[in-house]
1. If I filter segment 19-32 for residues that are part of a helix (DSSP H, G or I), open to solvent by less than 80 Å² (accessible area, probe 1.4 Å), within 19 Å of residue 161 (Cα to Cα) and at pLDDT 85 or above, do I get at least one hit?
2. Scan segment 136-156 for residues that are part of a loop (DSSP other than H, G, I, E, B) and either open to solvent by less than 50 Å² (accessible area, probe 1.4 Å) or more than 9 Å from ligand 1 (Cβ to nearest atom) (or both) and jot them down.
3. Could you tell me which of the residues 117, 133, 126 is more than 15 Å from residue 14 (Cα to Cα), modelled with pLDDT of 95 or more and surrounded by 21 or more Cβ atoms within 10 Å (Cβ to Cβ)?
4. Restricting to segment 68-94, and then to whatever is in contact with a helix residue (DSSP H, G or I) (Cβ under 6 Å, 6 or more places away or on another chain) and assigned to a loop (DSSP other than H, G, I, E, B), can you tell me which residue is surrounded by the most Cβ atoms within 10 Å (Cβ to Cβ)?
5. For the list (1) closer than 13 Å to residue 8 by Cα; (2) under 13 Å from the mean Cα position of the chain (by Cα); (3) of a type outside the set (Phe, Trp, Tyr), I need the number of the one condition that residue 141 fails.
6. Answer with yes or no whether residue 99 is assigned to a helix (DSSP H, G or I), open to solvent by less than 10 Å² (accessible area, probe 1.4 Å), within 16 Å of ligand 2 (Cβ to nearest atom) and modelled with pLDDT under 95.
Amino acid sequence: MTFSLAIVGRPNVGKSTLFNRLVGKRLALVDDQPGVTRDLREGAARLGDLRFTVIDTAGLEEATDESLQGRMRKLTERAVDMADICLFMIDARTGVTPTDEVFADILRKRSKHVILAANKAEGSAADGGVIEAYGLGLGEPIRLSAEHGEGLNDLYSVLMPLA
Ligand code: GDP
Ligand code: MG
């Protein structure tokens, strides 16, 4: 049994860093697949004995005429619909922003399995942001440091029963 996990969240929270850590070199570029744009990147993830497909979302970084909120909604909905589980990432050093609140709102309404991750959580500078994350109404946040590889054991514990 395997599953797919979409990593969503506003730009710069560390989504691609986690994606790269989970995928290593096992990257499948999906650019040329019909219906999938370069805004979504898919890879074969490994976490302990778990094997799953991970989807990274990008494409919110570029400035276009369309509003960030509109693009966020579309991209997030597409990623969430593609995946069995959604990992919603915030930056624990910055804390919860209004943009994070918009994402949380989309995800709560989408009624898929959502895992909340407070990234950049290495060290005590992140404690306030982790506490704020509880207020998003998406359950208990997992403390992660994608860059330093911390909290992956907690991510494993949450994913393992879903596999
Ligand atoms: P994305 O836009 O959400 O995909 O974010 P990126 O993965 O590109 O990361 C944005 C920035 O955050 C980069 O400079 C990363 O090095 C940094 N970053 C990612 N994860 C962590 C982390 O766990 N701790 C810290 N301090 N920085 C991180
Ligand atoms: Mg990225």
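1. For segment 19-32, residues part of a helix (DSSP H, G or I), open to solvent by less than 80 Å² (accessible area, probe 1.4 Å), within 19 Å of residue 161 (Cα to Cα) and at pLDDT 85 or above: present.
2. Restricting attention to segment 136-156, the residues satisfying the condition of being part of a loop (DSSP other than H, G, I, E, B) are 136-141, 144, 146-149, 151.
Correct list: 136, 137, 138, 139, 140, 141, 144, 146, 149, 151.
3. Exactly one of 117, 133, 126 is more than 15 Å from residue 14 (Cα to Cα), modelled with pLDDT of 95 or more and surrounded by 21 or more Cβ atoms within 10 Å (Cβ to Cβ), namely 133.
4. Once the filter is applied, the top-ranked residue is 92.
5. Result: residue 141 passes all but (1).
6. In short, no.
Yes or no, residue by residue, for (1) without any contact (Cβ under 8 Å) to a residue 60 or more places away in the chain; (2) under 13 Å from the mean Cα position of the chain (by Cα):
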site	(1), (2)
76	no, yes
98	yes, no
106	yes, no
118	yes, yes
122	yes, no
125	yes, no
135	yes, no
154	yes, no
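The values are calculated or read from the model by the stated rules, or taken from the named source; none is laboratory data. Not measured: the values here are computed from a predicted model. FYI the Cβ positions are ideal-geometry reconstructions off the backbone, even for glycines, and counts take in every protein chain you see. Each accessible area value is taken on the protein alone, full model and side chains, heavy atoms only, with ligands, DNA and RNA left out. Shrake-Rupley method; radii C 1.70, N 1.55, O 1.52, S 1.80 Å.
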